[in-house]
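Written out below as structure tokens is the structure these notes cover.
Each reported figure results from applying straightforward, stated rules to the coordinates on display, with no laboratory input. From a predicted model like this one, the values you see are computed outputs, not experimental measurements. Don't worry about glycine lacking a Cβ; one is built from the backbone with ideal geometry, like all the others, and counts go over all protein chains shown.
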Amino acid sequence: MRGKTRGVVIACAVLAVAGLVSLPRLLFGNDQSRAKELIQQTCVQCHRLEGKPDSRFNLKAPDLIWAGSKYQRPWLIGWLMGKEEPLYAKGYRWDLPGAVGKHATVSESDANAIADYFQQHYKDPRVQVGAFDVTKVSALEVEFGRQAFKAHACIGCHVIEENGKIVGGPQSASLVASGKRYNLDWLFRFGLNPQDFVPHSGEFLADATEPQLRAVIGFLAVQGVKDFTYYEPWTSQEFGMASVERGKLIYKEYCSQCHGPTGKGDGPAASGLEPKPAVHANMAFDKLPTEYLYNVINHGGRAIGKSTSMPYWGLTIGQQGVADVMAYLKDTFKGAPAVTAQASVQPGKLPGVCPQPRKTQEAPGSFLELKNPLLAKSEQVAVGKKLFQETAKPLACMNCHGTHGDGMGPAALGLTPPPRNFTCGQTMKGIPDGQLFWIIKNGSPGTGMMPFAGLSDDEVWQLIHYLRSLAR
Ligand code: HEC
Ligand code: HEC
Ligand code: HEC
Ligand code: HEC
């Protein structure tokens, strides 16, 4: 009896020591068999874990064949514990009555065990690890993705959240929290050909390029994610090692055909373009925001509401090329101080002049009648000022219209026609509020004045109060 007790105690001690050394493995082993049992007893009643992709109309629930690659772990655990929002508002099998129901839940430890089990046994070999780099998603790319999500009808069958509202057709999986749900490498592979996963299910093949697919996935990567850290390409290694010399060559090979060999805007293509290519020689590049310059050069005029004739260069010259040509611009073109000085002596030729020649297209009648609905209180003027000087996107107004509003900003002298001189009461008093409103929202066609479609009506009216406060 005594001997026996002792034997047990010793055996326990040995086990404990062995357990300490290989504890994770032992636990893992146990949990793995538990997970396997759970899956085979319950989950397979509805889900398939083996087989070829098949029509939703032959299945009871989404396939878990690639479950080891599809999800972010915290989401999967949450889902299995019943803590996540339903994915199919009308039921996975919307064609059957009573399709909407609550999903089975398991304990936290079982959920973890199942997640481990999926990772071990249900990785999808088609998914390339690192295919989508979430640390390289910039704010502008997410914006492109948002546009593409609508342009390619994704919103017709999948819901997302916009300004606090759920929008879109709730037919397929909800993409509201997609940034917390999907492994993005899986999402990228799915996007290359959805029919490799969900054939004959009502899915849709978009006529999109790989960069567009990446932009859409970038957009999905931020859905439901608070404080997403956006990539700022202009802080990358390429910019650290930018070369003015290499940039000079790029300018000759690619930019001079429109902007001219010395940046005077007189390249061979310029004669046929409206608006004219910017006169770089007159722009103070070191005073312009780097983010803006990157966006207009890498993503092109259209990305920021400017002329589509300004190409998007990212694919052609690569990130190093963009960095190099930006270094060249900043190093070479510092504005036109001589000309600027002359302007004050020789009025009538350059911006800053008053009265200012004006050929701006007239707003539709319904706009011309609009009156500023906000009272010209100092708070309103202050909000307008902040937008004008600092925060308006894609580019704060002062960069063209000048800090004093005299139309002499760092980019101003590169533009034909020049920016409006808001200090010139003589010109400004003839322009109705509704006209200003319309131009700010839509831009001035054929000129360097881009639309500020992202501003709310109130913000535009606040800006107008500020502009009016500048006139003398
Ligand atoms: C009674 C049927 C049923 C059982 C049993 C069941 N599920 Fe599901 N499961 C569904 C349905 C239906 C959906 C679609 C979700 C929705 O409608 O919101 C789903 C969704 C899922 C999803 C998300 C799939 C995706 O990518 O869209 C996962 C993961 C999942 N189930 C795992 C499990 C696991 C693990 C088990 C076993 C512990 C299990 N399910 C048991 C029916 C079932
Ligand atoms: C005509 C409807 C339709 C359109 C348009 C559509 N989809 Fe889908 N999508 C589906 C269907 C159906 C599935 C299959 C999954 C299912 O059974 O609901 C699917 C699946 C998906 C999935 C995988 C869902 C999951 O969790 O398994 C993603 C991601 C997705 N679509 C994204 C997109 C994107 C991005 C676009 C736009 C380029 C798009 N879809 C356009 C119907 C559509
Ligand atoms: C096919 C003609 C063309 C080529 C080639 C071209 N650009 Fe442009 N670029 C334009 C036009 C047109 C504009 C004026 C856009 C507007 O005001 O709407 C412009 C404007 C710009 C601007 C000023 C944007 C602003 O805020 O007004 C910059 C900076 C610029 N281009 C840089 C470059 C660089 C760098 C290259 C070479 C890598 C290049 N461009 C090549 C046509 C071209
Ligand atoms: C990239 C340079 C640029 C930026 C940035 C810019 N503007 Fe302009 N803006 C211009 C140019 C060039 C014109 C002259 C257009 C014309 O002659 O039709 C102009 C004209 C205008 C006009 C005159 C409309 C009229 O009917 O005469 C208003 C108002 C205006 N801008 C407001 C703004 C405001 C407000 C912002 C900031 C939210 C802004 N602009 C930012 C270049 C710019």
ask   = Arranged from highest to lowest average of other beta-carbon atoms within 10 Å per residue, in what order do the peptides 61-67, 247-253 appear?
value = 61-67, 247-253
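Can you classify the stretch 111-202 as rounded, prolate or oblate using the Cα gyration tensor, where a ≥ b ≥ c are the square roots of its eigenvalues, rounded means a/c under 1.5, and otherwise it's prolate if a/b beats b/c and oblate if not?
Numbers: a/c = 1.63, a/b = 1.44, b/c = 1.13.
Prolate is the answer for the stretch 111-202, as a/c is 1.5 or above and a/b outweighs b/c.
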message = On a straight-distance basis, which lysines could pair with LYS165 in a cross-link, Cα separation under 20 angstrom, same-chain partners fewer than 8 positions away excluded?
response = LYS90, LYS150, LYS180, LYS226
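Using the count of nearby Cβ atoms within 10 Å as a rough guide to exposure, how do LYS276, LYS334 rank from fewest to most?
Values: LYS276 21, LYS334 16.
Listed from fewest to most nearby Cβ atoms, that is LYS334, LYS276.
Taking square-rooted eigenvalues a ≥ b ≥ c of the alpha carbon gyration tensor, is the chain rounded, prolate or oblate, where a/c under 1.5 means rounded and, failing that, a/b exceeding b/c means prolate?
Verdict is prolate for the chain.
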task = Go through 442-451, 197-206 and give me the packing order, highest mean Cβ count within 10 Å leading.
result = 442-451, 197-206
query = Where in the stretch 429-472 does the label zone of GLN361 land, with the point 7 angstrom along Cα→C-beta and an amide N cut-off under 20 Å?
reply = 431-455
ask   = Hey, which lysines would be in cross-link range of LYS371, C-alpha to C-alpha under 17 Å, not counting anything within fewer than 8 residues on its own chain?
value = LYS429, LYS441
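Summing -39500 (n - 2.57) over the DSSP H runs of n ≥ 4 in the chain and dividing by its residue number, what mean residue ellipticity at 222 nm do you reach, to the nearest 500 deg cm²/dmol?
Counting only the DSSP helices, I get -12500 deg cm²/dmol.
Would you mind getting me the FRET efficiency between LYS60 and ARG472? Use the beta-carbon distance for r and R0 = 60 Å, nearest 0.05.
Working: r = 74 Å, r/R0 = 1.24.
Computed FRET efficiency for LYS60 and ARG472: 0.20.
Using Cβ contacts closer than 10 Å as the measure, can you line up SER378, SER236 from fewest to most?
So the residues, fewest neighbours to most, are SER378, SER236.
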query = Relative to the present Cα-Cα distance, how much length would full extension add between GLN426 and THR308 at 0.36 nm per residue of separation?
reply = 39.1 nm
ask   = Excluding GLY156 itself, what net charge comes from residues whose Cβ is under 13 Å from its Cβ, given Lys and Arg +1 and Asp and Glu -1?
value = 0
note = Ranked from fewest to most other Cβ atoms within 10 Å of their own Cβ, ILE39, ILE304 fall in the order ILE304, ILE39
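Would you mind counting up the charge near ALA99? Only other residues with Cβ under 14 Å from its Cβ, with Lys and Arg at +1 and Asp and Glu at -1.
Numbers: positive: ARG56, LYS60, LYS90, ARG93, LYS102; negative: ASP95.
Residues near ALA99 contribute +4 overall.
With charges only on Cβ, +1 for K and R and -1 for D and E, what is the dipole size of the chain about its Cα centre, in debye, rounded to 20?
Details: 50 positive and 42 negative charges, 106 e Å.
It comes to approximately 520 debye.
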query = Which aspartates and glutamates have a Cα lying under 15 Å from the Cα of LYS102, excluding residues fewer than 8 positions away in the same chain?
reply = GLU84, GLU85
Pairwise centroid distance, computed over Cα atoms, of the stretch 185-219 with the stretch 31-96, Å = 20
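So what is the relative contact order of the chain, in percent, for Cα pairs below 8 Å that sit 6 or more residues apart? Show your work: numbers first, answer last.
On the way: 708 pairs, mean separation 52.0, N = 472.
The value is 11 percent.
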request  = Starting from the Cα gyration tensor of the stretch 25-121, take the square roots of the eigenvalues, sort them a ≥ b ≥ c, and report rounded, prolate or oblate (rounded when a/c is under 1.5, otherwise prolate if a/b is larger than b/c, else oblate).
outcome  = prolate
